[in-house]
1. Has region 304-324 got at least one residue that is part of a helix (DSSP H, G or I), polar (S, T, N, Q), crowded, with 16+ Cβ neighbours inside 10 Å and in contact (Cβ under 8 Å) with a residue 40 or more places away in the chain?
2. Only one of these conditions is not met by TRP142: (1) loosely packed, with under 13 Cβ neighbours inside 10 Å; (2) in contact with a Lys or Arg (Cβ under 9 Å, 6 or more places away or on another chain). Which number is it?
3. Quick one: which residue in SER266, SER298 is touching a Ser or Thr at 6+ places or on another chain (Cβ under 9 Å) and among the small types (Gly, Ala, Ser)?
4. Going by the structure shown, is GLY40 among the small types (Gly, Ala, Ser) and not in a helix (DSSP H, G or I)?
5. Give me a count of the residues in region 142-164 that are in contact (Cβ under 8 Å) with a residue 12 or more places away in the chain, of a type outside the set (Gly, Ala, Ser) and over 16 Å from PHE98 (Cα atoms).
6. Are any residues in region 264-288 over 12 Å from ILE217 (Cβ atoms) and either in contact with a Phe, Trp or Tyr (Cβ under 8 Å, 6 or more places away or on another chain) or buried (at least 18 other Cβ atoms within 10 Å of the Cβ) (or both), and if so, which ones?
Amino acid sequence: MKSPLLFIFIAYLVIKGIENMVAQVNLRHLHRYGHRVPAGFAGLVDDRSMVRIRDYTVDHGRIDFFSSAVDLLLTVIFIFGGLLNWYNSWLAGQGWPFAVTGICFFLFLAYGGFLLQVPFDLYNTFVVEEKYGFNRQTFRLWLADAAKGLLLTTVLYSLLLWVAFLIIDAMPDRWWLLLWAFMLVFKLFMLYISPYVIEPLFNKFTPIADKSLEEKIKTLLARAGLSVSRVFTMDASRRSGHGNAYFSGIGHVKRIVLFDTLLEKSSDDEILAILAHEAGHWKKKHILKRLLVMECVSFAALYAAWWFLRHDMLASIFNISMPTLYVKLLLVGFCGMLAVFPFKSLLSFSSRRDEWQADGFAVELTGNPRALASALAKLGRDNLANLHPHPWYVALHYSHPPLPQRVRKLLGA
């Protein structure tokens, strides 16, 4: 193995090793402190609940460990073991048109990743989630969702890749700029149509039956400068017992979706507090800021991809005999994933800071910090969320602050 390739190989193993070590530290931390009921959760969780939370987290940790191990093994075989070279040469030798070959290159990999994930998804749904009373879907429904997801992947991947390869072929010196602009427009378009086209393929949305609650929601969010077009209930209980709520829509007009599982277990004040938190993200421009950051990253990444694609350096390092555009794109993406890993904790920190700000806005808007604290505590209890995550795991993976920290701060307000 040549020195540059050996360096990349070691970097990949180190990253996977760090992730695994942090996960194991998190589980050991849970075993040590998981029996303690955090402040603000007294009366909501007892010793039995804490044991269920610990066991649920450990069971998911086992799945994640085996999934990560399989991913590591197959990546080493495919990327570093020579299988990628064979796969690339085989596709390039089919004599298909440029765009068709490129689409198939990435679609076949997506199908392979989907098939490899199926056993873990089935075990997670019908063993772990079933064991803890969360799973409510049948195998037939799971199969239907999987088929729809695969069809959507095929259609969207094919469309995006077809346009991308057309742009690359037509503008070899400036394709990165035009492709970035196209991707931005496409993302905004998908944000707009997804609630009306994509989401109804998987769930049923009905206007909320409680008109009094709907009026309270509209009144509250109007004080935040948001106009609510509709408030819907989603039949989340067909698949899971987990609860949640979210906004959709671009601009000041929002469409609100409440999981039916959330409505079953929450008071009006708690639901209003949750939605006030979501309104805080809009009011503080968190979504816009994240979009701007991601687009800056995308802009830089596409420029870097254009620069690397002009040369066969990466193809040579990975011992690729036929340096096609497709394989070079894949290798740029793989190396880019390794390069951005050190910034993962920074992005997580930024996201957690936004959550603190949204909590603060919710308190200002509702004047009821206890309602949000109660809502968060119930979500943690009902979803069996880990109430004692290790700080290292939080730093690397958590986009939200740990629930006990949020509840403590709200109750102290």
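The values are calculated or read from the model by the stated rules, or taken from the named source; none is laboratory data. Bear in mind the structure is a predicted one, so any value in this text is a computation, not a measurement. Note: ideal-geometry Cβ built from the backbone for every residue, glycine included; neighbour counts use all protein chains shown.
1. Here is the first cut: in region 304-324, the residues part of a helix (DSSP H, G or I) are 304-309, 313-317.
Narrowing further to those that are polar (S, T, N, Q): 316.
Next, from what is left, pick out any that are crowded, with 16+ Cβ neighbours inside 10 Å: none.
The answer is no; no qualifying residue exists.
2. (1)
3. On the way: SER298 fails: touching a Ser or Thr at 6+ places or on another chain (Cβ under 9 Å).
Sole residue among the options that is touching a Ser or Thr at 6+ places or on another chain (Cβ under 9 Å) and among the small types (Gly, Ala, Ser): SER266.
4. Working: among the small types (Gly, Ala, Ser): yes; not in a helix (DSSP H, G or I): yes.
For GLY40, the condition - among the small types (Gly, Ala, Ser) and not in a helix (DSSP H, G or I) - is met.
5. 7
6. Applying the first criterion (over 12 Å from ILE217 (Cβ atoms)) to region 264-288 yields 264-267, 270, 277, 280-288.
Passing the criteria: SER266, GLU270, HIS277, GLY280, HIS281, TRP282, LYS283, LYS284, HIS286.
Residue-by-condition table, conditions (1) polar (S, T, N, Q); (2) part of a loop (DSSP other than H, G, I, E, B); (3) within 23 Å of ILE168 (Cβ to Cβ); (4) touching a residue at least 12 places away in the same chain (Cβ under 8 Å):
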residue: THR75; (1), (2), (3), (4): yes, no, no, yes
residue: TRP90; (1), (2), (3), (4): no, no, yes, no
residue: ALA99; (1), (2), (3), (4): no, no, yes, yes
residue: PHE106; (1), (2), (3), (4): no, no, yes, yes
residue: PHE114; (1), (2), (3), (4): no, no, no, yes
residue: PHE126; (1), (2), (3), (4): no, no, no, yes
residue: GLU130; (1), (2), (3), (4): no, no, no, no
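So that you can scan it fast, the table gives a plain yes or no per residue for (1) under 23 Å from LEU292 (Cα atoms); (2) in contact (Cβ under 8 Å) with a residue 12 or more places away in the chain; (3) among the polar types (S, T, N, Q):
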| site | (1), (2), (3) |
| --- | --- |
| LEU346 | yes, no, no |
| SER351 | yes, yes, yes |
| LEU403 | no, yes, no |
| VAL407 | no, yes, no |
| LEU411 | no, yes, no |
